[in-house]
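The values are calculated or read from the model by the stated rules, or taken from the named source; none is laboratory data. The structure presented is a predicted model; accordingly, all values stated were derived computationally and were not measured. With ideal geometry, Cβ positions are generated from the backbone for all residues, glycine too; neighbour counts draw on all protein chains shown. All accessible areas refer to the heavy atoms of the entire protein, side chains included, with ligands and DNA or RNA removed. Shrake-Rupley method; radii C 1.70, N 1.55, O 1.52, S 1.80 Å.
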Amino acid sequence: LCAAHHRLDNLVALVDYNKLQSDDFNARILGLEPLALKFRAFGWEAFEIDGHDIPAILAALETARETRGVPTVVIAHTVKGKGVPYMENVPQWHGSVKLTRAQTEEALSALGVSKHEFSRWLDV
């Protein structure tokens, strides 16, 4: 409310909206939808983008830079653990976790890192 009241058009908030909390999905604990409308109700300009799309992120930041008179929020819809099949959208992987060597190798492989590349990191 304060940012909108003071017309802080140089303020940009980025929300990594993966829809998870440490122990479950947001919708089961405390629904946040409609998130963009809530920001708009408080006087913010709100954009929703694919948070995995770098060009979309850059375009949203550029649009935010050009927005005048109101603060801007960019709601980046993301998938927690994207690219690692056993982690994607699994709440238990949301918080800090210690991976086994096998889990680390599987995750890096799923992300396209070669065994040669990640063997240097795992042997440190």
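I need the shape label for the chain. Rule: rounded when a/c is under 1.5, else prolate if a/b > b/c, else oblate, with a, b, c from the alpha carbon gyration tensor. It is prolate, given that a/c is not under 1.5 and a/b is the larger ratio. Determine which residues of the stretch 1-25 fall in the zone a paramagnetic label at Arg65 would reach in this model, i.e. backbone nitrogen under 14 Å from the point 7 Å along Cα→Cβ. Within reach of a label on Arg65, which here means backbone N under 14 Å from a point 7 Å along Cα→Cβ, the stretch 1-25 contributes 10-12.
If a paramagnetic tag sat 7 Å from the Cα of His5 along the Cα-Cβ line, which residues of the stretch 36-55 would have the backbone N under 13 Å from that point? Counting only backbone N, you get 43.
Cross-link partners among lysines for Lys38, C-alpha distance below 22 Å, same-chain residues fewer than 8 apart left out? Cα-Cα hits under 22 Å: Lys19. Out of the trypsin sites (Lys or Arg not before Pro) in the stretch 30-124, which ones are loop residues according to DSSP with at most 11 other C-beta atoms within 10 Å? Loop-located and lightly packed - Arg68, Lys98. Which FRET efficiency, nearest 0.05, do His116 and Leu58 yield, Cβ-Cβ r, R0 30 Å? Result of the calculation: an efficiency of 0.40. Accessible area per residue for the chain is 65 Å², calculated with a 1.4 Å probe on protein heavy atoms, without ligands, DNA or RNA. Helical content of the chain, expressed as a calculated mean residue ellipticity at 222 nm, amounts to -9500 deg cm²/dmol (DSSP H runs of 4 or more residues, -39,500 (n - 2.57) each, divided by residue number, nearest 500).
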